[in-house]
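Data first, discussion second: the structure below is written as structure tokens.
The values are calculated or read from the model by the stated rules, or taken from the named source; none is laboratory data. In this text, all values refer to a predicted model and were calculated from it rather than measured experimentally. So basically every Cβ, Gly included, is an ideal-geometry build from the backbone, and we count neighbours across all protein chains shown. Just so you know, the surface numbers come from the protein's heavy atoms only, side chains and all, with ligands and any DNA or RNA stripped out. Shrake-Rupley method; radii C 1.70, N 1.55, O 1.52, S 1.80 Å.
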Amino acid sequence: MKVDKFKDIRPYEGEEQAPALNRIASHPLLKDIASYLFPGKNPDEFRLFISSLNSVSEFQDKVMLYAINKIVSDTSKGLSYDGIENISEKKRHLFISNHRDILLDSALIQVILKTNGIETSEMAVGDNLITDSFIEDIARSNKMIKVIRSNNPRELYKSSLLLSEYIRESLTSERSSVWIAQRNGRTKNGIDITEQGLLKMLDMSGKGDFSSDFNELSIVPVSISYEYEPCDFLKARELYITRRTKYKKAPGEDLNSILTGIMQFKGQIHINFNKSVSYSEIEECSQKGKNERFKCLAEVIDKKIIEGYKIWNSHRISSDILFKNSNNSKFYTSEERRSFEEYCDFKISEFEGDKDEIKEIFLSIYANALLNCQ
């Protein structure tokens, strides 16, 4: 009997799928989810509907696609995208994107893929976000890969190698594309940078040829840009505290960030799918020293993510307020500036601390996105 060494981290498959969907259907929290998705309807109808599903594919098509589209409709001015022609339906890709929202970054990419008749990808999600069996059932019924984090170096190495092997096997066997964030945790300060550690993890499962190992992953850099940054005030507050002491998450903080990111108004959202990293780009990096080659490849990915990042007036206005100039005023109206200033003041109004400093941090989250693209 073949041992499934990926069983604890991979999405549900085969006979695991229907029982997981039945567990979701029977969970008390499903009533609250039903009330949001289908207001005014009997939650038991939704419960019966979920229990009638038999596969991850059905759950994505009939539940998650509807749910994410409703979130976009309720909390944004709309979702736009470009570069979809860079995605080959005949090939599996590793989507590496900037990371601004815990749940929506990967979820919005899935909606775009599905809308264009492209098979959805698997999505790598930290186990710190999978806080109980209910969330795990939803996650792994939605093609999510569980990324096991550990403070123990030995355990971290083992889990990183397992993840690396799983991602490479998914891609090279042409089973599924995979999404993963460019860094561990969301960007807090508005500056998107690919962590070299991510690339070193991906390299762990290679055969030792840098160029061939990365070329077979077919890396597609993806840029995600929100007009109004999800959890902007929460991020500013964390940065404020970090300036003074080591930041420690409160119990339930990740769940609060997930819910805030979902429900907060996001304005316009744009996603760009860049051209995949070419063999020649990888080969050029391979000529460098052992550590420099990872730095070089990270910079290639960063350049493509920055290229595709859409700048909104929220970024331009923040920059002009922060630096006390009007360098970007030709792009926006005085009404737009006043509206964003009111938005900023409202967000920080109940903050108990140095209001000038928290405002500077809040504005810099938006302004840094513009500076990063210049």
Notebook entry, point to check: Given Lys143/Lys347; Lys91/Lys275; Lys143/Lys248, which pairs have Cα atoms separated by over 24 Å?
Noted result: Lys143/Lys347; Lys143/Lys248
Item checked: Convex hull volume of segment 284-348 per residue (C-alpha atoms, cubic angstrom) -> 137 Å³
Item checked: 5 angstrom amide H check on Phe95, placed H, neighbours 5+ away -> Val178, Trp179, Ile180, Val220
Checklist line | Computed magnitude of the charge dipole of segment 147-274 (debye, nearest 20; Cβ of K, R +1, Cβ of D, E -1) | finding: 740 debye
Item checked: the chain, accessible area per residue, ligands and nucleic acids excluded (1.4 Å, Å²) -> 49 Å²
Note to self: Shape verdict for segment 2-143, please, from the Cα gyration tensor: rounded (a/c under 1.5), prolate (a/b greater than b/c) or oblate.
What the structure shows: oblate
Check: How large is the charge dipole for segment 318-366, taken about the Cα centre, if only the Cβ atoms of Lys, Arg (+1) and Asp, Glu (-1) carry charge, to the nearest 20 debye?
Finding: 300 debye
Notebook entry, point to check: Which of the listed residues, Ser150, Ser278, Leu65, is farthest toward the dipole's positive end in the chain, when Lys, Arg count +1 and Asp, Glu count -1 at the beta-carbon?
Noted result: Ser150
Check: Amide H neighbours of Tyr81 under 5 Å, counting only residues 5+ apart in sequence or on other chains, H built in-plane at 1.01 Å?
Finding: Ile271
Check: For the chain, modelled as a GNM with alpha-carbon contacts under 10 angstrom, which of Asn151, Asn256, Asn313 fluctuates the most?
Finding: Asn151
Next item on the list: Could you let me know the centre-to-centre spacing of segment 267-300 and segment 155-211, using Cα atoms, in angstrom?
Entry: 13 Å
Margin query: Helix-only mean residue ellipticity at 222 nm, the chain, DSSP H runs n ≥ 4 weighted -39,500 (n - 2.57), per residue, nearest 500. What is it?
Written below: -15000 deg cm²/dmol
Item checked: Options Ile262, Pro221, Met201, ranked by Cα towards positive dipole end of segment 110-267, top entry (Cβ charges) -> Ile262
Notebook entry, point to check: In whole percent, what relative contact order does the chain give with Cα contacts below 8 Å and a gap of six or more residues?
Noted result: 21 percent
Check: Taking H as built 1.01 Å from N, whose amide H comes closer than 5 Å to the amide H of Gln268, not counting residues under 5 places away?
Finding: Lys77, Glu227, Tyr228
Next item on the list: Mind ranking Asp101, Asp74 by accessible surface for me, highest first, 1.4 Å probe?
Entry: Asp74, Asp101
Notebook entry, point to check: Of the labelled options [x] 23, 38, 15, 11, 10, 3, 0; [y] 27, 58, 15, 0; [z] 26, 49, 24, 2, which one gives P(r) over Cα pairs in 20 Å bins from 0, in percent as computed for this structure?
Noted result: [y]
Margin query: Using the Karplus curve 6.51 cos²θ - 1.76 cosθ + 1.60 with θ = phi - 60°, what ³J(HN,Hα) values do you get for each residue of segment 167-174, in whole Hz, with x for Gly and Pro?
Written below: 4, 5, 5, 4, 6, 6, 7, 6
Margin query: Counting C-alpha atoms alone, how compact is segment 216-294: give Rg to one decimal and Dmax as a whole number, in angstrom.
Written below: 18.7, 47
Next item on the list: Step through the residues of segment 274-280 one at a time and calculate ³J(HN,Hα) from phi using the Karplus curve (6.51 cos²θ - 1.76 cosθ + 1.60, θ = phi - 60°), rounding each to whole Hz and writing x for Gly and Pro.
Entry: 7, 5, 4, 5, 7, 4, 5
Margin query: From Cα pairs below 8 angstrom and at least 6 apart in sequence, can you work out the relative contact order of segment 284-345, rounded to a whole percent?
Written below: 20 percent
Note to self: Taking just the alpha-carbon atoms of segment 169-259, what radius of gyration and Dmax come out, in angstrom?
What the structure shows: 17.1, 48
Notebook entry, point to check: Excluding same-chain residues fewer than 8 positions from Lys41, which aspartates and glutamates have a Cα within less than 15 Å of its Cα?
Noted result: Asp32
Note to self: Please list, in order along segment 106-114, the HN-Hα scalar couplings obtained from phi with the Karplus expression 6.51 cos²θ - 1.76 cosθ + 1.60 (θ = phi - 60°), rounded to whole Hz, x for Gly and Pro.
What the structure shows: 6, 5, 5, 4, 5, 4, 5, 4, 4
Notebook entry, point to check: About the Cα centre of segment 284-361, what is the dipole size in debye to 20, counting +1 per Lys and Arg Cβ and -1 per Asp and Glu Cβ, all else neutral?
Noted result: 620 debye
Next item on the list: Distance between Cα centroids, segment 48-62 to segment 321-374: provide it in whole Å.
Entry: 43 Å
Next item on the list: May I ask you to order 107-114, 173-180, 28-35 by the average number of other C-beta atoms within 10 Å around their residues, highest value first?
Entry: 107-114, 173-180, 28-35
